[in-house]
Structures are given as structure tokens and as C-alpha cells.
1. Enumerate the amide H contacts of Ala10 below 5 Å, restricted to partners 5 or more residues apart or on another chain; note that Pro and chain-start residues carry no placed amide H.
2. When the Debye formula is applied to the Cα atoms of segment 1-72, each taken as the same point scatterer, what base-10 log of I(q)/I(0) results at q = 0.11, 0.12, 0.16, 0.25 Å⁻¹?
3. Kindly write out, for segment 75-85 in residue order, the coupling ³J(HN,Hα) from the Karplus curve 6.51 cos²θ - 1.76 cosθ + 1.60 (θ = phi - 60°), rounded to whole Hz, with x marking Gly and Pro.
4. Just to be sure I follow: if Rg is taken over the C-alpha atoms of segment 56-106 and Rh is the Kirkwood radius over the same atoms, what is Rg/Rh?
5. Of the residues Val82, Val64, Val11, which exhibits the maximal mean-square fluctuation in a Gaussian network model of the chain defined by a 10 Å Cα contact cut-off?
6. Hydropathy at least -1.0 by Kyte-Doolittle, axial extent at least 20 angstrom from the Cα trace: which helices of the chain, defined as entire DSSP H runs, fit?
7. Between Met31 and residues 5 or more places away or on another chain, which pairs have amide H atoms under 5 Å apart, with H built 1.01 Å from N, and which residues are they?
8. When Cα Rg over 2.2 N^0.38 Å is calculated directly from the model, which label among [x] 1.12; [y] 1.01; [z] 1.17 fits?
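No lab work stands behind these numbers, since they all come straight from the coordinates. Keep in mind that this is a model prediction, so the values were computed, not measured.
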Amino acid sequence: MTHVLYEGPAVPEATAQVRRALEDLPRPDSMPANMLADLKLAATELITNAIRAGSPTITVVIAVPPPYMQLEVSDDASGLPVMGDPAPDDPSGRGLSILSAIADRWGVDSHPHDGKTVWAIFPLA
């Protein structure tokens, strides 16, 4: 089952809307206790990346095809995300590193001429 959590302008307020929508989703019994926090963090990082990339709109969906949950953030910005290597005092550039640490795996599906979808998989149970 797939749920659209947000579809609209790529603005910072989208993050709060998605985080609230994640809290309101029915949770599978096999969902680990910390997964909601990880999903919220992943959504925040991916939405922020789309905004910083200059996307005018974003779509955020979550799919629950057991045995995992898949979070997807689609945007209209050109280019693909690149894992940063920020200095310790840099205020940004850690989003994909964070995603790598909390998700089982993640990737990018490029949409020629109209952006990309960045996805992350979180295993249930």
C-alpha cells in the first residue's frame, strides 16, 4: 500500500507536514520502535536536499510492501544528489551520510527532463 504524504511546493513547511503525516500512518505490528524517528529524519533530510537543489515542487510517498517500508521523495530539480564530505564545523552536507546510517539502503531514480526520486528502504521486524 502506498500513501502520499505530501505533494506541493518545495518549502520548509513541507517537512513538518510530512512528519505529522508519518505519525498519523497506521503502523505495521512488525515496525521497530525506532523506525518512526528514522523515517522522520530521512524525510527531513531528503526534503531539505530537494529544496536546496532548487526544486519548485516535491512529492513524498511511503510504500508499505512487507517486509519493509520505502520512503520516496521526488523533485523537479536537475542533477543528482552527491554524498558530501563536510568539515566538522560545516553546517550542512551530511544528509546522505545520515540516510546511509539509518536506512537499510537508498538510491536515486533519475527522471530525464523532470528531476528524480530519492528512495530509502527501512526493514520491518
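1. Thr57, Ile58
2. Each listed q corresponds, in turn, to -0.25, -0.30, -0.52, -1.16.
3. 9, 9, 6, 6, x, 10, x, 10, 5, x, 9
4. Working: Rg = 13.5 Å, Rh = 13.1 Å.
The Rg/Rh ratio comes out at 1.03.
5. For the chain, modelled as a Gaussian network with Cα springs under 10 Å, the answer is Val82.
6. Numbers: long enough: 35-52 (25 Å, 0.72).
Helices passing the filter in the chain: 35-52.
7. Ala125
8. [y]
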